[in-house]
Amino acid sequence: MSDDTQRVAVVTGASRGIGKAIAERLAADGRHVVCVARSEGPLKELVETIRSAGGSAEHVTCDLSDGESVGAMIDDVVERCGRVDVLVNNAGITKDGLVMRMSDDDFDDVLNVNLRSAFIASRHVARPMMRARFGRIINIGSVSGLMGNPGQTNYAASKAAMVGMSKSMAKELGAKGVTVNVVAPGFIKTDMTDILGDELLKEVAPRIPVRRLGEPEEIANAVSWLSSDDSGYVTGQVLVVDGGLAM
Ligand code: NDP
């Protein structure tokens with residue numbers, strides 16, 4: 001459990017990939033990190049790793065596709081820890097398919113996890129953050145939401161909407177010391193890109209100005225800065241971390 005002065009960060013989708021790297025980095029930065037996802041085993045392992053490195057963390061299992069559970073999870077963290085200073089809405093899914101074949105369910109499922117859960121979690125942290133006159137909400141978007149991508153109508157819609165949502169919230173909450181920003185990754189080495197296969201990833205790399213896929217830790221670096229005191233004059237922005245892909 002956190003002590004009274006330690007800042008508390010909630011990271012969704014922390015069981016693997018980018019979310020795991022963000023949780024480890026924020027713990028190394030001295031935060032008490034609440035690691036959220038559905039899979040309890042990997043979350044427990046992550047908390048152990050953080051604690052053995054001298055950090056502070058706990059895990060909470062939550063299915064973010066269920067809006068009521070998202071709100072209850074955040075309220076519970078606020079009650080137990082007394083505060084939430086940083087919220088990283090990172091959990092995300094893809095259900096790719098060409099638009100003519102994309103089902104309503106595949107559209108709704110992606111919007112529910114990627115966008116609606118971020119909205120609900122943000123709404124629930126807004127009051128305690130405003131009361132504390134400090135808050136950092138960081139939403140993990142995607143270059144797909146900026147450029148579009150064939151086969152990703154649902155996913156790109158969720159990530160593009162996240163930008164408008166973040167800018168609107170930034171305008172509402174800025175006066176109370178709460179910033180809201182988006183980090184938009186390009187191709188990062190995780191399970192999400194693994195399913196694309198080696199061949200496609202080999203084709204992609206030469207199109208990226210820095211000529212390689214990104215590492216989850218490189219997204220965590222950006223989130224670390226946006227969650228710090230140093231970034232207090234930056235809000236409503238999209239920080240693209242993609243090796244130059246979307247220029
Ligand atoms: P992964 O597929 O590796 O991890 C996704 C995470 O989200 C897991 O921890 C998973 O945990 C969690 N999650 C998924 N569905 C739910 C749910 N219903 N409830 C709770 N947690 C859930 O993805 P990445 O690490 O690659 O991606 C992280 C974020 O970065 C996503 O928002 C993604 O869109 C974005 N992004 C990734 C890029 C990439 O190249 N990898 C590029 C651009 C953006 P569990 O299954 O245990 O619930």
Regarding the range 8-241, what are the three Cα extents along the principal axes, ordered largest first, in Å?
47, 38, 33
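Beta carbons within 10 angstrom, averaged per residue: use that to sort the peptides 109-118, 134-143, highest first.
Numbers: 109-118: 21.8, 134-143: 25.1.
Put in order of decreasing packing, that is 134-143, 109-118.
Given an 8 Å cut-off on Cα distances and at least 6 residues of separation, report the relative contact order of the range 8-241 as a percent. Could you put the intermediate results ahead of the total?
On the way: 450 pairs, mean separation 46.8, N = 234.
Dividing the mean separation by the residue count of the range 8-241 yields 20 percent.
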So, in nm, how far is label Glu217 from label Val204 when the simple model puts each one 7 Å beyond its Cα toward the Cβ?
2.1
Taking the Cα centroid of the range 54-89 and of the range 154-193, what is the distance between the two, rounded to the nearest whole Å?
18
Highest-first arrangement of 57-66, 27-36, where packing means the average Cβ count within 10 Å:
27-36, 57-66
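Arranged from highest to lowest average of other beta-carbon atoms within 10 Å per residue, in what order do the peptides 83-94, 197-208 appear?
Order by mean packing, descending: 83-94, 197-208.
Output the DSSP H helices from the chain with an along-axis C-alpha extent of no less than 20 Å and a mean Kyte-Doolittle hydropathy no less than -0.5. Show your work: numbers first, answer last.
Numbers: long enough: 67-81 (21 Å, 0.21); 117-132 (23 Å, 0.16); 153-173 (29 Å, -0.04).
In the chain, the long hydrophobic H runs are 67-81, 117-132, 153-173.
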For the chain, how many pairs of lysine residues have a Cα-Cα distance under 27 Å, where the two are 8 or more positions apart or belong to different chains?
18
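Every number here is computed from the coordinates shown, using simple stated rules; none is lab data. All figures in this text were calculated on a predicted structure; none of them were measured in a lab. Virtual Cβ from ideal backbone geometry, glycine too; neighbours counted across all protein chains shown.
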